[in-house]
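Student: I'd like to ask you about the structure that follows.
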Amino acid sequence: MSAPKLKAPRGTFDVLGEQAQERVTLEARARTLLEGAGYERIETPTFEATELFARGVGESTDIVRKEMFTFTDSGDRSLTLRPEGTAPVCRAYVEHGMHKRRQPVKLWYLSSFFRHERAQAGRYRQFWQVGAEAIGSDDPAVDAESIALLATLLSQMGVRDVRLRLSSLGSPAARAVYREQLQAYLREHEQSLSEDVRSRIELNPLRAFDSDHDGTKRVMQDAPRLLDALDQDDAAHFAEVRALLDEASVGYEIDSTLVRGLDYYTRTVFEFTSDALGAQSGVGGGGRYDGLVELLGGGPTPGIGWAAGIERILLAGEHPHLTTSPVDLFLALDGPDARRTAFRLLQDARSAGLHAQMELAGRSLKGQLKHADGLGASYVAIVEDGQSVLKDMQEGSQQTIRSDTIVHAVLRGLRTL
Ligand code: HAM
């Protein structure tokens, strides 16, 4: 009896074949776009001190309250698999004294993240994000540039039916005044609200805008709006972000009910959705976090960024043009004695920059030729010891040559193609 089979854990998946190729394409596009705009790649650890997220993302958020994969290591430290990338990037900014560099410091990443959410199409427990953070400037042009870059990436990836929702949360001070206003309004209408919203009036009243509950939705239609409560500086900042987006022809809808699931946001917030996605329609989102670096022990430092879900981009995108690497040379074995010669030639061919493969599965010569054909090899060498037959698969011609001249002959042949 064979041993029972194991499956990937719930909410996780393997990336295979074409999907792997699509990801390579996406990563290449993101790199070209973001590095062209001055973003540098950053990698941070897969797990961090739990406190980083408790402080950075916020104790009252769903992420921190119920979605983190948290464990205690043997040194009794509480660690958490990163649920998002902004807090870790800001931690790294502080830890490495990046305030001493030219500002804003622009950093991008493409990594996997972990949230213990109910798994469904487009929502996973390990998922991938491409993200970009610009830290050290509060110029509205940084906001507009950041948003425009994500718009461009989504368009380059062929993401269909994209909408951009935009809002401003203002400064913490203005938000505190507004918060009290909203709390008073919610208490007034408490009997029509959902259980969940009612229990969070004190902790996180803004989340009421996010509710699916019918009664709550009705109440929220007439609720006071944060956008109307912005102070003068924040309102001017937001107006300039909008003007710059208009200038760049990036279309958006102002949505004063836009709520993001993380507590660090100040001023500009945005979310890209795709109607092609169904329930999990958020493809990417972000905003300003002017207090986060300070909250993590750095000096007062503004910042803005976004992250977009790789799986959702690929789900909502047209299939990018896949480029598989061509095989220049396939080394077929005419008898088992040829293996060592072929192996040496394989190394020589790769050192010379050729995409080369050799027979690895003990097929018959006929089977090997069929396999090489399936790979689309440009040349096939049937390797004997000293002499080999080199077949030009495009022309259908062949010649018998010394085995140690094969690589040279293929290089010459490919040059004349
Ligand atoms: P977020 O909105 O939580 O923002 O996530 C960004 C994107 O990650 C979402 O729009 C979605 O595409 C994808 N995503 C999130 N959760 C899942 C999941 N369980 N399964 C699949 N995809 C998912 C952030 O994470 C912020 N750090 C963005 C940011 C960067 N703000 C400022 N800088």
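The values are calculated or read from the model by the stated rules, or taken from the named source; none is laboratory data. What you see is a predicted model, and the numbers here were worked out from it, not measured in a lab. In this analysis, Cβ positions are derived from the backbone assuming ideal geometry, glycine residues included, and neighbour counts consider all displayed protein chains. All accessible areas refer to the heavy atoms of the entire protein, side chains included, with ligands and DNA or RNA removed. Shrake-Rupley method; radii C 1.70, N 1.55, O 1.52, S 1.80 Å.
Student: Kindly list the number of the only condition in (1) assigned to a loop (DSSP other than H, G, I, E, B); (2) under 38 Å from the mean Cα position of the chain (by Cα); (3) modelled with pLDDT of 95 or more; (4) surrounded by 12 or more Cβ atoms within 10 Å (Cβ to Cβ) that fails for Arg363.
Tutor: (2)
Student: For the range 287-299, does any single residue satisfy the condition of being over 23 Å from the mean Cα position of the chain (by Cα), surrounded by fewer than 17 Cβ atoms within 10 Å (Cβ to Cβ) and closer than 15 Å to Thr152 by Cα?
Tutor: no
Student: From (1) surrounded by fewer than 18 Cβ atoms within 10 Å (Cβ to Cβ); (2) among the polar types (S, T, N, Q); (3) not in a helix (DSSP H, G or I), pick out the condition that doesn't hold for Ser167.
Tutor: Just one mismatch for Ser167, condition (1).
Student: Further, regarding this structure: What pairs can you find where one residue is in the range 211-230 and open to solvent by 60 Å² or more (accessible area, probe 1.4 Å), the other is among the polar types (S, T, N, Q) and outside any loop (DSSP other than H, G, I, E, B), and their Cβ atoms are less than 7 Å apart, with a gap of 6+ or different chains?
Tutor: Arg218/Ser192
Student: Sticking with this structure for a sec: Is it the case that the range 133-153 has a residue that's of a type in the set (Asp, Glu), within 16 Å of the ligand (Cβ to nearest atom) and touching an Asp or Glu at 6+ places or on another chain (Cβ under 6 Å)?
Tutor: Scanning the range 133-153, I find no residue that is of a type in the set (Asp, Glu), within 16 Å of the ligand (Cβ to nearest atom) and touching an Asp or Glu at 6+ places or on another chain (Cβ under 6 Å), so the answer is no.
Student: Can I ask one more? Please go through the range 280-301 and give me each residue that is part of a loop (DSSP other than H, G, I, E, B) and within 12 Å of the ligand (Cβ to nearest atom), ordered by number.
Tutor: Selection gives Gln280, Ser281, Tyr289, Asp290.
Student: So, in the range 379-401, exactly how many residues are in contact with a strand residue (DSSP E or B) (Cβ under 8 Å, 6 or more places away or on another chain), under 17 Å from Ala342 (Cα atoms) and surrounded by 11 or more Cβ atoms within 10 Å (Cβ to Cβ)?
Tutor: 11
Student: Would you mind finding the one in Ala276, Ala332, Ala307 that is away from the ligand (no atom under 14 Å from the Cβ) and either at negative phi or surrounded by fewer than 19 Cβ atoms within 10 Å (Cβ to Cβ) (or both)?
Tutor: So the residue among Ala276, Ala332, Ala307 that is away from the ligand (no atom under 14 Å from the Cβ) and either at negative phi or surrounded by fewer than 19 Cβ atoms within 10 Å (Cβ to Cβ) (or both) is Ala332.
Student: Quick check, is Ser281 in contact with a strand residue (DSSP E or B) (Cβ under 7 Å, 6 or more places away or on another chain), free of Cβ contacts under 8 Å to residues at least 12 places away in the same chain and polar (S, T, N, Q)?
Tutor: yes
Student: Filter the range 188-205 down to the residues that are surrounded by 14 or more Cβ atoms within 10 Å (Cβ to Cβ) and either farther than 20 Å from Val177 by Cβ or out of contact with any Phe, Trp or Tyr (no Cβ under 9 Å at 6 or more places or on another chain) (or both) and list them by number.
Tutor: Matches in the range 188-205: His189, Ser192, Leu193, Ser194, Val197, Arg198, Arg200, Ile201, Asn204.
Student: Considering each of Arg102, Arg115, Arg123 in turn, give the residue that is surrounded by fewer than 18 Cβ atoms within 10 Å (Cβ to Cβ) and within 12 Å of the ligand (Cβ to nearest atom).
Tutor: Exactly one of Arg102, Arg115, Arg123 is surrounded by fewer than 18 Cβ atoms within 10 Å (Cβ to Cβ) and within 12 Å of the ligand (Cβ to nearest atom), namely Arg123.
Student: Oh, and also: Quick test of your reading of the structure: Gln368 fulfils all but one of (1) open to solvent by less than 70 Å² (accessible area, probe 1.4 Å); (2) in a loop (DSSP other than H, G, I, E, B). Name the failing condition by number.
Tutor: (2)
Student: Quick one: count up the residues across the range 31-43 that are surrounded by fewer than 17 Cβ atoms within 10 Å (Cβ to Cβ) and assigned to a loop (DSSP other than H, G, I, E, B).
Tutor: Selection size over the range 31-43: 3.
Student: Do you know which of the residues in the range 75-92 that are of a type in the set (A, V, I, L, M) and under 16 Å from Gly305 (Cβ atoms) is surrounded by the fewest Cβ atoms within 10 Å (Cβ to Cβ)?
Tutor: Ala92
Student: Might you let me know whether the range 327-347 holds any residue that is touching a residue at least 60 places away in the same chain (Cβ under 8 Å), closer than 29 Å to Gln19 by Cβ and in contact with a strand residue (DSSP E or B) (Cβ under 7 Å, 6 or more places away or on another chain)?
Tutor: Looking through the range 327-347, at least one residue is touching a residue at least 60 places away in the same chain (Cβ under 8 Å), closer than 29 Å to Gln19 by Cβ and in contact with a strand residue (DSSP E or B) (Cβ under 7 Å, 6 or more places away or on another chain).
Student: Filter the range 139-158 down to residues that are touching a Gly at 6+ places or on another chain (Cβ under 9 Å) and outside any helix (DSSP H, G or I), then give me how many there are.
Tutor: 2
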